[in-house]
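None of the figures in this text is laboratory data; all of them are computed from the coordinates on show. Only a predicted model underlies this, so the values are computations on that prediction, with no experimental measurement involved. We place every Cβ from the backbone using ideal geometry, glycine too, and count neighbours over all the protein chains shown.
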DNA sequence: GTCTATATGTTGATAGAC
DNA sequence: GTCTATCAACATATAGAC
């Protein structure tokens, strides 16, 4: 009796991890099949194309991001919410230094890809930008959009540099500076 | 009589442009050969491998960067030098929005590549960081390294966001904010 | 639903004539 | 030095038995 197995989820988990480590283009279906212990030919029962896997990975990351932002929104003040968000890069600083930001690496790679994945990955960055803008607006900042741009730029820039230098101290230092910056507003 | 033709330089120029537009992995030797109007098989007379082309492109970008930093260093004060450097992202903001930063895209892509190109591209980011640190030191800033990290993060982050959103206004806005930040130091 | 075998296309790289 | 033809490896995707 055909039942929904866990293979689809295993494939997605492997794909998510491998794409973080190697990038989308560099990650082959054979890599994903091997890591998730699903035969190569069977992958196509769960995903029509490689792009479909990428699409699902992006959707998963978007869902995870929304959950994170939702949790941060539980804080009492908008400033506390932004500060709470900064706990996340600290908690995954090892991964950020080793593989880069799971949003930024995807967005940067796929921004020049000729695929609908470009628009999907763009939504990841927009989600953070929009949420941040809301927080700055609620702080009665006249130029909330510009501040949100600065906030997210700091985070994306530090991830790129930390990854390039393979140094998680960059994360620690930059988050501390961003915290200080927020507290001066 | 065999003379050194301009084919090598044509190849490098095409490679540089295509790698900026598409990334290193995505750019094929056939792409480069076609764009530079050099037959595919002839490419290997000038470059032993594809990696060798990448290496030369990185070296060219490093040389170009050093020249830019050298020009900025002509300014009278360290603050003026940092402000002068900010003129460059403004001058190429269209390209930054369309293709991303020629240093950051390369460093981010190759940081996870299993190749000596990883170290070469890392040097691009280190060059900017070291120069920036020097300027902040000469401004008698106690934590010049942290400020340089913040400075370069802003620039790399804005390029990633501008490219993702395909919006050069991000460059204009963020550079303006960074100028203001420098003037408050 | 599952899996082996394989088709089909692309890419980095080489052989060898000129 | 130059260029055509082609190899060998790899990648996405499909066919078809079970």
Just to confirm the number: angle between the C-alpha axis of helix A:50-72 and the first principal axis of chain A, 0 to 90 degrees, nearest 10? 30
Using 0.36 nm per residue, how much length does the chain from residue A:30 to residue A:84 gain when fully extended, once their Cα-Cα distance is taken away? 15.6 nm
In whole Å, what is the distance between the alpha-carbon centres of segment A:20-94 and segment B:15-74? 32
Segment B:82-139: radius of gyration over Cα atoms, expressed as a fraction of 2.2 N^0.38 Å: 1.30
Over all residues in A:110-120, what is the mean tally of Cβ atoms on other chains that come within 10 Å of each residue's Cβ? 3
Segment A:79-185: Cα Rg divided by the 2.2 N^0.38 Å rule of thumb: 1.08
Across the residues of B:122-130, average count of Cβ atoms on other protein chains within 10 Å? 2
Degrees, to the nearest 10: B:117-138 long Cα axis against longest axis of chain B: 20
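How well do other chains shield peptide A:145-154, expressed as the mean number of their Cβ atoms within 10 Å of each residue Cβ?
5
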Which value in deg cm²/dmol, rounded to the nearest 500, describes the helix-derived mean residue ellipticity at 222 nm for chain A, given -39,500 (n - 2.57) per DSSP H run of n ≥ 4 and division by the residue count? -23500 deg cm²/dmol
To the nearest 10 degrees, how steeply does helix A:144-165 sit against the main Cα axis of chain A, on a 0 to 90 scale? 60
The Kirkwood hydrodynamic radius of the protein assembly as shown, taken as the inverse of the mean 1/r over all distinct Cα pairs, in Å, comes to 21.8
Once you compute Rg and the Kirkwood Rh from C-alpha atoms, what is the Rg to Rh ratio for segment A:1-157? 1.04
At 10 °C and 1.306 mPa s, grab the translational diffusion coefficient of segment B:1-48 from Stokes-Einstein with a Kirkwood Rh over Cα pairs, rounded to a whole number in µm² per second. 146
